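Read through the structure below, which is laid out as structure tokens, and then see the notes.
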Amino acid sequence: MDQYFFPETSRIGAPPRGWIEVICGSMFSGKTEELIRRLNRARIARQRVEIFKPMIDTRYSVEDVVSHDAKAIRCTPVASPGNILLMTGDVDVIGIDEAQFFDMSLVDVCNSLANQGVRVIVAGLDMDYLGKPFGPLPALMATSEDITKVHAICIRCGNLALYSHRTSESNQLVVLGETDKYEPLCRSCFNLEHGNK
Ligand SMILES: [Zn+2]
């Protein structure tokens, strides 16, 4: 197995060095679960871990990164990416969840942290509900060492899903919600829904 797929192992016996990992995909693809898995492994190795998410995401607890299966990790909600730099102490690993809701300054913040030797793990939606690249995720992917794209399962046909199709009428870019407002669709089912060819 590619050693790079498990970056935790490459720290053993090596001097600290920073990089950026991106975990992206649609809603219901398990992004947050994968972020939590990586952060927990780092904590078991007694690495110092801090977790941030944008203040906008208040669906569940204000202080927890909560995946939909309720495996929670405590984290700090911040209003802007600059606050992450200010609030970061002596850490080895920084996790950032729901990164699509941050502005573009997140890209510089993550690169700055990585340049200082921090392992930065960013999870977020790579596309909005219309299938367009979402917020800082594309630029983060371009400047990261490692990208993991995870997939949901298409609710119509069972193929791999990459779109977060919105089932409600709102045209707002940010509508927080769960299965009552979004459903995962594959490319063909998304195109059927939107009349694309
Ligand atoms: Zn489908």
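The set of residues in segment 109-133 that are surrounded by fewer than 17 Cβ atoms within 10 Å (Cβ to Cβ) and within 15 Å of residue 48 (Cα to Cα) comprises 116, 117.
Could you please find all residues in segment 145-169 being closer than 30 Å to residue 117 by Cα and either among the charged types (D, E, K, R) or within 10 Å of the ligand (Cβ to nearest atom) (or both)? Listed by number, the residues that qualify are 145, 146, 149. Of all the criteria given as (1) in contact with a helix residue (DSSP H, G or I) (Cβ under 7 Å, 6 or more places away or on another chain); (2) crowded, with 21+ Cβ neighbours inside 10 Å; (3) touching a residue at least 60 places away in the same chain (Cβ under 8 Å), the one not satisfied by residue 106 is (3).
Residues in segment 6-27 that are outside any loop (DSSP other than H, G, I, E, B), under 19 Å from the mean Cα position of the chain (by Cα) and modelled with pLDDT under 90: 7, 8.
Annotation note: of 148, 179, the sole residue that is modelled with pLDDT under 95 and either within 30 Å of residue 18 (Cβ to Cβ) or not in a strand (DSSP E or B) (or both) is 179. Annotation note: Cβ proximity below 6 Å between a residue of segment 182-194 that is at pLDDT 95 or above and a residue that is assigned to a strand (DSSP E or B) and near the ligand (Cβ under 8 Å from one of its atoms) (sequence gap 6+ or interchain) occurs for 184/161; 185/161; 186/161.
Condition check ((1) of a type in the set (A, V, I, L, M); (2) closer than 20 Å to residue 134 by Cβ; (3) modelled with pLDDT under 90; (4) in contact with a strand residue (DSSP E or B) (Cβ under 8 Å, 6 or more places away or on another chain)) across all residues:
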{"residue": "68", "(1), (2), (3), (4)": "no, yes, yes, no"}
{"residue": "82", "(1), (2), (3), (4)": "no, no, no, no"}
{"residue": "87", "(1), (2), (3), (4)": "yes, no, yes, yes"}
{"residue": "94", "(1), (2), (3), (4)": "yes, no, no, yes"}
{"residue": "98", "(1), (2), (3), (4)": "no, yes, no, yes"}
{"residue": "103", "(1), (2), (3), (4)": "no, yes, no, no"}
{"residue": "108", "(1), (2), (3), (4)": "no, yes, no, no"}
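If you go through segment 89-142 and keep only what is small (Gly, Ala, Ser) and not in a helix (DSSP H, G or I), you end up with 89, 95, 117, 123, 124, 131, 135.
Filter segment 28-48 for residues that are in a helix (DSSP H, G or I), polar (S, T, N, Q) and buried (at least 18 other Cβ atoms within 10 Å of the Cβ) and give the result. Break it down into steps so the answer makes sense when it comes.
So the first thing to find is which residues in segment 28-48 are in a helix (DSSP H, G or I), and the list is 31-44.
Checking which are polar (S, T, N, Q) leaves us with 32, 40.
Once the filter is applied, which keeps residues that are in a helix (DSSP H, G or I), polar (S, T, N, Q) and buried (at least 18 other Cβ atoms within 10 Å of the Cβ), segment 28-48 yields only 32.
Residue 191 meets each of the listed conditions (1) in a loop (DSSP other than H, G, I, E, B); (2) surrounded by fewer than 18 Cβ atoms within 10 Å (Cβ to Cβ); (3) within 16 Å of the ligand (Cβ to nearest atom); (4) of a type outside the set (A, V, I, L, M) apart from (1).
The values are calculated or read from the model by the stated rules, or taken from the named source; none is laboratory data. Remember, it's a predicted structure, so these values are computed and weren't measured experimentally. Cβ: placed from backbone, ideal geometry, glycine included. Neighbour counts: every protein chain shown.
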